[in-house]
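Taken together, the values in this text are just the output of simple stated rules run on the coordinates, not laboratory data. Given the structure is predicted, the values throughout are model-derived calculations rather than measurements. Here the Cβ is made from the backbone with ideal geometry for all residues, glycine too, and neighbour counts use every protein chain on show.
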Amino acid sequence: MKLAANRGLVRPVICATCAAVTLAAVAAAQAAEESPAQPDPSRWDKTISTFQTWDSKNSVPKEGVLFVGSSSIRLWATQQCFPQFTVVNRGFGGSHISDVSHFTDRIVLPYKPRVIVFYAGDNDIASGKSPQRVLDDYRAFVNLVQDQLPATRIVYIAIKPSLKRWSKWPLMKEANALIEKATQEDTRLAYANVAEPMLGDNGEPRGEFFVKDGLHLNAEGYKLWTKVVTPLIEAALND
C-alpha cells in the first residue's frame, strides 16, 4: 500500500520538475534574445597590433587625452580639432564597448591618459543589445580603467541619433539616459550630450551633419562634437 501511495505522488512531482525546467529554458532563451553574445574581439587583433607596432616605433605622449571607441572616433581628426591638447586617437571602426574593454591593457592603460574621451554603444544597440547591457558594459570599462588609473577622468559621448539607425533611436536614447545618470554618481565621469543638438526642430536627425551613408559624421558633425566635448576636457584637466 505504501508503494502504491508513493507511485501516486511520482507523477505530479515529475510534472512539476518538467514545468520548472521548461520555464527555465524559456527564460534562458529570452535572455539570450535580449542580450546577444559579445562579438569575438579577436577580429580586431590585427588592428590593435598595428597600434602597438606604431607605438613601438614612435614617441607616444603620456598623460594626455585619449580618444577611444568605434568609427566615430577613428574618423575624427582629433589632432586638428584639438590642437590645444596632447591627443592620442585609438578608434577602431565597428567596435563594441566590450571590444574596447578587452583591449584596454593594450590601447588604453599604456598611455596613462589624464582624460579618456569614449564613444561606443552605437554598434551595440544596432546589434540588438539592450540599453541596460550597454550601461553594464560601460561600467565594466570604467571599472577596468579606475582600478589601474583612479585619477583618470572619462568623458562618455552620447550615442548619436543618425539617419541610418533612426529606428533604433528610442533604445539609444534610453541607453544615453542610463549612462548620463550613472556619470552623476562619480565626479571622475562626464557625459557629453551631442545627441540633443543633432536633432532638428522636427525631432529628427539633422542631415547636414552626416556623410552620404547617413551614419558617419562629416566636417560639420565633427565641428559640433568638438564644440560640445572641448569644455568637458578642459574641466577634466583642470580638476
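Which residues' amide hydrogens lie under 5 Å from the amide hydrogen of Thr86, considering only partners 5 or more residues apart or on another chain, with H built in the peptide plane?
Sorted by chain and number, the residues that satisfy this are Val65.
What FRET efficiency do you get for Ser127 and Ser49 if R0 is 30 Å and r is their Cβ-Cβ distance, rounded to the nearest 0.05?
Step by step, r from the Cβ atoms, then E = 0.80.
On the Cα set of the chain, report Rg and Dmax in Å, please.
Here Rg and the maximum Cα pair distance are 22.7, 90 Å.
Once whole DSSP H runs in the chain are found, which of them have Cα atoms spread over 20 Å or more along the helix axis and a mean Kyte-Doolittle score of at least 0.0?
Numbers: long enough: 2-34 (48 Å, 0.88); 131-148 (26 Å, -0.64); 169-183 (21 Å, -0.14); 219-238 (28 Å, 0.29).
Result, helices passing both filters: 2-34, 219-238.
So if we plug the beta-carbon distance of Val60 and Lys173 into 1/(1 + (r/R0)^6) with R0 = 41 Å, what FRET efficiency do we get, rounded to 0.05?
Between Val60 and Lys173 the formula returns 0.70.
Calculate the FRET efficiency for Ala77 and Ala235 from the Cβ-Cβ distance with a Förster distance of 25 Å, rounded to the nearest 0.05.
Computed FRET efficiency for Ala77 and Ala235 comes out at 0.65.
For the chain, what does the relative contact order come out to in percent, with C-alpha contacts under 8 Å and a separation of six or more?
Details: 325 pairs, mean separation 38.6, N = 239.
So the answer I get is 16 percent.
May I ask which of Lys112/Lys181; Lys46/Lys168; Lys57/Lys227; Lys129/Lys181; Lys129/Lys160; Lys46/Lys160 have a Cα-Cα span longer than 22 Å here?
The answer is Lys112/Lys181; Lys46/Lys168; Lys57/Lys227; Lys46/Lys160.
About its Cα centre, how strong a charge dipole does the range 44-238 have in debye, to the nearest 20, once Lys and Arg get +1 and Asp and Glu get -1 at the Cβ? Don't jump to the answer; show the numbers that get you there.
Working: 23 positive and 21 negative charges, 73 e Å.
Charge dipole of the range 44-238: 360 debye, to the nearest 20.
If you build the convex hull over the alpha carbons only and average its shadow over all orientations, what do you get for the range 153-239? Give it in nm² to one decimal.
Convex hull of Cα atoms, orientation-averaged projection: 5.7 nm².
Tell me what the chain gives for mean residue ellipticity at 222 nm when only DSSP H runs of n ≥ 4 count, each as -39,500 (n - 2.57), the sum divided by the residue total, rounded to 500 deg cm²/dmol.
-16000 deg cm²/dmol
Suppose the chain between Glu196 and Arg106 were pulled fully straight at 0.36 nm per residue; how much longer would it get relative to their current alpha carbon spacing?
Working: separation 90, 0.36 × 90 = 32.40 nm, distance 3.32 nm.
Roughly 29.1 nm would be gained on extension.
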